[in-house]
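This report concerns only the one structure given below.
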Amino acid sequence: MYGISLNEQIEYDLLNTQGFTNIDQSDIEHFKRDIEKIESASLECPLVEIETTFVQALLDMKKRNSEMQCVKILFLLKFSEQTVLKMDDMSFIDEVMNRGGEELECVWGMAVDNGIPQGLVKIMVLCGFNNID
C-alpha cells in the first residue's frame, strides 16, 4: 500500500463493495464536503464484539482529535453469508447517533463478503472532524 493512505484504501474498498446497502461516490463526496480532517479505521472482530469494537474505534479517533468535533461518520459492515446478523446486533448504531446529537451525520452500508470467516465482521469506518468554534 505504498503511497496510499488508510483513508484512500478504505474509500476504495467502500466504493468497490457491493452489498445490501451500498456506499457510492456521492456518499463519499458528501462525506468529504466541509470536513477539515478525516480519520479512518479498518477492523475485524467477532460478531458478538461488534458494538464494543465499533465504539472503541470511534473513541480512539475522538481521543486523537480531542480538540475537534466529530460531525460525520461513514462506515460499512462486511460479513460472510454464513454469519447471521440480526437487528439486535445493530441497535448500537442508533445509540451512537443519539449520543452524537442532531448535528452528527451518519451513513452506513452492509455487504456480504465470503472471504471473511464465519462469525466475524469487518468494519470500515471514516470519521469527519471539524474544529470546535
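No lab work stands behind these numbers, since they all come straight from the coordinates. Bear in mind the structure is a predicted one, so any value in this text is a computation, not a measurement. Every residue, glycine among them, receives a Cβ derived from its backbone with ideal geometry; neighbour counts consider all protein chains shown.
Points worth noting:
- With at most 10 other Cβ atoms within 10 Å, longest stretch of the chain clear of loop GluC sites (Glu not before Pro) (DSSP): 1-66
- Compared with the dominant principal axis of the Cα atoms in the chain, helix 91-100 is inclined by about 0°.
- Relative to the longest principal axis of the Cα atoms of the chain, the long axis of helix 6-15 makes an angle of roughly 50 degrees.
- With Cα atoms, 0 to 90° folded angle of helix 50-64 axis to the chain main axis: 20 degrees
- Each of E29 and Q118 was given a label point 7 Å from its Cα along the Cα-to-Cβ line. The distance between the two points is 4.2 nm.
- N7 versus L59: modelled label distance in nm, points set 7 Å from Cα along the beta carbon direction: 2.5 nm
- Note that the chain shows a convex hull volume over its alpha carbon atoms of 113 Å³ per residue.
- Label-to-label distance, N131 versus E102, with points set 7 angstrom from Cα along the beta-carbon direction: 2.6 nm.
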